[in-house]
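This report refers to the structure that appears directly beneath it.
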Amino acid sequence: MRRRSLLLAVPAGLVTLAGCGDDNKSDRAKSSSSPSPSPSASSVPPPKIVDGPLPAITAGTKFGEKPTVAKGSGDPSKDLAVRTVIAGNGGTVAENDYVQANYLGQVWSTGKVFDNSYDRKTSLVIQLAQGSIIDGWRYGLVGKKVGSRVEMAVPPTWGYGKQGNTQAGIKGTDTLVFVVDIENTFNAKSSAKGKDIAQDDANLPKVGTNTDGKAPSIDVPKVKAPTKLVADYVIEGDGEEVKADSSVLVQYKGVLWDGGKEFDSTYSRGQLTSFSLQQVVKGWGQGLTGKKVGSRVLIVIPPALGYADNPPSGSGIKKDSTLVFTVDILAKM
């Protein structure tokens with residue numbers, strides 16, 4: 001099992017299709033798997049941001065390379081120290097965005113590395129939202145551009161607080177040093193990126209190909225629904241293929257085959273969602289497995305791979321309904 005990032009204040013996944021948007025249920029089910037923020041994390045004031053002191057990066061100095069960082073010299077600042085080591089020219093990170101980044105974290109006083117994504121060969125995708133990640137990241141990365149390498153020294157107030165993090169060997173007095181390579185940023189206006197694929201089967205729904213962040217249209221034909229799972233590219237991206245046990249960050253919209261009524265949508269909520277393909281209805285897991293990041297996928301789910309005769313209460317989905325989804329795979333987590 002892939003080790004989870006120690007940065008997580010609460011799990012990144014918010015919604016599972018099996019619960020049809022039951023955010024609280026999903027969080028409760030997973031809340032024990034990640035470190036919690038300090039009890040005062042929600043009430044601490046915003047930090048003053050200063051430009052140092054910060055330890056030198058002595059090796060791995062290029063963007064994307066695993067850095068080697070010197071031990072801190074002297075006393076760290078009691079403010080949040082942030083420096084852009086390499087300036088990128090991509091999109092600007094905003095609060096509540098999801099960021100995709102590689103990072104290394106170590107303790108100022110000892111130079112001990114307590115976490116890094118470079119060795120895991122998997123970048124972190126996480127929301128810069130209160131309660132989702134330590135506040136040092138939330139304040140330190142906002143305003144930075146994709147393609148940037150950012151170094152930060154995070155005092156306990158905006159890290160793990162006075163209780164520290166025993167799992168990582170972090171004391172309540174430790175200032176933490178991070179080097180972060182920002183690979184991408186996503187928000188409620190993010191869309192698939194790739195080449196349009198012809199939709200020439202008259203017996204299947206047609207999905208809009210707009211990539212302006214607005215919900216694509218889904219036109220369901222007035223024919224009998226397919227009895228087998230359909231999972232076709234609408235827009236084919238060029239990213240990594242999703243595996244059966246992957247977690248993904250997505251935009252999606254779901255409608256009923258009968259009547260075309262929308263019953264769930266990240267676009268309507270104005271919020272992206274993330275989940276493991278092992279925690280969703282079988283049609284989602286099977287339909288997205290093997291598809292590339294950056295793609296928009298049409299998924300038609302027959303009842304046996306959806307909710308069958310037990311749809312979520314209050315969802316507007318009747319028993320034995322065929323479900324139609326358009327899904328933009330924004331990132332693999």
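Overview of results
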quantity	calculated
Residue match in the range 91-110 (condition: open to solvent by less than 60 Å² (accessible area, probe 1.4 Å) and of a type in the set (Ser, Thr, Tyr))	yes
Tabulated pairs, the range 256-275, first under 29 Å from ALA94 (Cβ atoms), second of a type in the set (Lys, Arg) and open to solvent by less than 30 Å² (accessible area, probe 1.4 Å), C-beta under 9 angstrom, 6+ apart or interchain	GLU262/LYS253; ASP264/LYS253; SER265/LYS253; THR266/LYS253; TYR267/LYS253; SER268/LYS253
Among (1) more than 22 Å from SER268 (Cα to Cα); (2) open to solvent by 30 Å² or more (accessible area, probe 1.4 Å); (3) out of contact with any strand residue (DSSP E or B) (no Cβ under 8 Å at 6 or more places or on another chain) - the single one PRO302 does not satisfy	(2)
The range 111-128 - residue that is open to solvent by 10 Å² or more (accessible area, probe 1.4 Å) and small (Gly, Ala, Ser) and, of those, nearest to ILE57 (Cα to Cα)	GLY111
Lone unmet requirement of (1) open to solvent by 30 Å² or more (accessible area, probe 1.4 Å); (2) out of contact with any helix residue (DSSP H, G or I) (no Cβ under 9 Å at 6 or more places or on another chain); (3) farther than 23 Å from LYS282 by Cα for LYS171	(2)
Given (1) over 15 Å from the mean Cα position of the chain (by Cα); (2) part of a strand (DSSP E or B), number of the condition LEU204 does not satisfy	(2)
Counted residues, the range 33-63 - those being hydroxyl-bearing (Ser, Thr, Tyr), at pLDDT 95 or above and either open to solvent by less than 40 Å² (accessible area, probe 1.4 Å) or part of a loop (DSSP other than H, G, I, E, B) (or both)	1
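The values are calculated or read from the model by the stated rules, or taken from the named source; none is laboratory data. Here the structure is a predicted model, which is why all the values come from computation and not from measurement. Counting neighbours? That spans all protein chains shown, and the Cβs are built from the backbone with ideal geometry, glycine included. What goes into the accessible areas is simple: the full protein's heavy atoms, side chains included, and nothing from ligands, DNA or RNA. Shrake-Rupley method; radii C 1.70, N 1.55, O 1.52, S 1.80 Å.
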